[in-house]
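The values are calculated or read from the model by the stated rules, or taken from the named source; none is laboratory data. For clarity, every value in this text was computed on a predicted model and none was experimentally measured. Positions of Cβ are backbone-derived with ideal geometry, glycine not excepted, and every protein chain shown enters the neighbour counts.
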Amino acid sequence: MGCIANAGETAAARPNIIFILLDNLGYGDVGCYGSKLHRTPHVDRMAAEGLRLTSFYSASGVCTPSRTALMTGCYPLRVNMHVSGSGTPVLRVMDKKGLNPSEITIAKALKGCGYTTMCIGKWHLGDQPPFLPTKHGFDRFFGIPYSDDMTPSKNFPNWPPLPLMRQEKVIEAPVDRDYLTKRYTEETVRFLTENKDRPFFLYLSHAMPGSTARPFASPAFQGKSRNGPYGDSVEELDESTGQILAALKKLGLDERTLVVWTSDNGAVRRNPPQGSNAPLKGWGYDTSEGAMRMPCVVRWPGKVPAGKVCDELCAMMDWLPTFAKLAGGEPPKDRAIDGHDIRPLLFGEPGAKSRYDETGFFYYMMDQLQAVRAGPWKLYLPMENKLMSLRRNQGKFPAMLYDVRSDISETKEVSAGHPDVVARLIVLADKAREDLGDLNCPGKGQRPAGHVENPQPQVLALPAHRN
């Protein structure tokens, strides 16, 4: 199952891997990507000591599909995780649907190479027992099974209090969201300390800045930023990153550990605005650049060149094949995956280019293909009814072409001057429609999601009654 370590590969040649994923953080929310509002010295230092990717894309503008792409190396539509069991953009509490246990995740692949694996934080790929992290290759899980905003309300009175889980058991409910970042950081340092002598993969999936109107931060950070609770949350996340990097140094793991730091999708529209996707156009929860083009910093001292910037297109699906190769193995060969091995880009090899220049990169909202990018060009496809994140339809849209490399803010529409580019990108889109599908038309290359008939809430077990 997954990758099998190549003969002769020594543990010393394989890096430990830490993947830090934030929730709804914008492209322009940290200093190294242009923020003048948030103080993020640790992430900025990480960028100075590593590589900053400036055309790194999520595979979706919403969280369940984005996280699916990370775990499986596939477009969400390929593995049928583009919508929930009830047709919403993300899985809900007690959803019948979840990531199929037969899929090979990063964790399964790296376990096949002898790695110890742990998921800390937000999962959101299914809250039923067959779909939990421990069924997808993670030795350990400490976190919440879905978004922090999925709590009981007037619209959802039957949802349970937000559960904090260890392995497959609820240990607190409701968990105090103010302390999630702090507790996840402490759990991370504990895991690093306990596993410093063996190769490990740690997936740290923060709940913050999160999906609620008021992001959460621990008391030590509340009211300390220049941007209200959102800024407080971002600055605590930066401090968390600093503590993790410090722990790696203290444990002698610094030069043996690859750390990736990114977000699942862009900052969402609030009134007044809190997060920033500047200089990108658009907000989270759709297929705009602001929704899907992510800040991404990669650090591995002595391996990833320091202080470099790469503007070649790469995507969330690329981490599975890349990590499999770094671990001394191979990505799965018995099924289609959509990601590419991006080690040449990470290591700054001369002439390294994105493979999406040839294959195209596809922007889906649920099951609707809305745009395609190859090289510098992004084509918004013509459509009669454009789906938005909550299945609100918008009217007719013409084809629109932008050079999103030199015109990052999409200020100049240039389709009239480049009909050959438009034609080439439409050909790529047609190939995606045949393989992955498009609105109400399944593709030939799709696989089924997991399914349970009678989903149950994740609740805190009551102690046995004693007479």
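Brief remarks on what is shown
- Contact map, the range 412-428: residues that are part of a helix (DSSP H, G or I) paired with residues that are aromatic (Phe, Trp, Tyr), Cβ distance under 7 Å, separation 6+ or inter-chain. Pairs shown: Val421/Trp377; Leu425/Trp377.
- Yes/no for Leu280 being part of a loop (DSSP other than H, G, I, E, B), in contact with a helix residue (DSSP H, G or I) (Cβ under 9 Å, 6 or more places away or on another chain) and either farther than 27 Å from Thr151 by Cα or not acidic (Asp, Glu) (or both): yes
- Check on Gly284, crowded, with 18+ Cβ neighbours inside 10 Å, within 20 Å of the chain's Cα centre (by Cα) and more than 26 Å from Lys249 (Cβ to Cβ): yes
- Qualifying positions in the range 119-145 - more than 18 Å from Ile17 (Cβ to Cβ) and either among the charged types (D, E, K, R) or free of Cβ contacts under 8 Å to residues at least 24 places away in the same chain (or both): Lys122, Asp127, Lys135
- Within the range 396-411, if we keep just the residues that are out of contact with any strand residue (DSSP E or B) (no Cβ under 7 Å at 6 or more places or on another chain) and under 17 Å from Ser288 (Cβ atoms), the residue that is modelled with the lowest pLDDT turns out to be Pro398.
- When Thr40 is tested against (1) out of contact with any strand residue (DSSP E or B) (no Cβ under 9 Å at 6 or more places or on another chain); (2) among the β-branched types (Val, Ile, Thr); (3) under 21 Å from Arg447 (Cβ atoms), only condition (3) is not met.
- Residue list for the range 334-352, filter: out of contact with any Ser or Thr (no Cβ under 7 Å at 6 or more places or on another chain) and among the basic types (Lys, Arg): Arg335
- Only residues that are more than 21 Å from Glu187 (Cβ to Cβ) and part of a loop (DSSP other than H, G, I, E, B) were counted across the range 106-122, and they come to 3.
- Residue list for the range 412-445, restricted to those being closer than 20 Å to Asp338 by Cα, at pLDDT below 95 and loosely packed, with under 14 Cβ neighbours inside 10 Å: Cys441, Pro442
- Of all the residues in the range 79-112, those that are in contact with a strand residue (DSSP E or B) (Cβ under 9 Å, 6 or more places away or on another chain) and farther than 18 Å from Thr134 by Cβ number 10.
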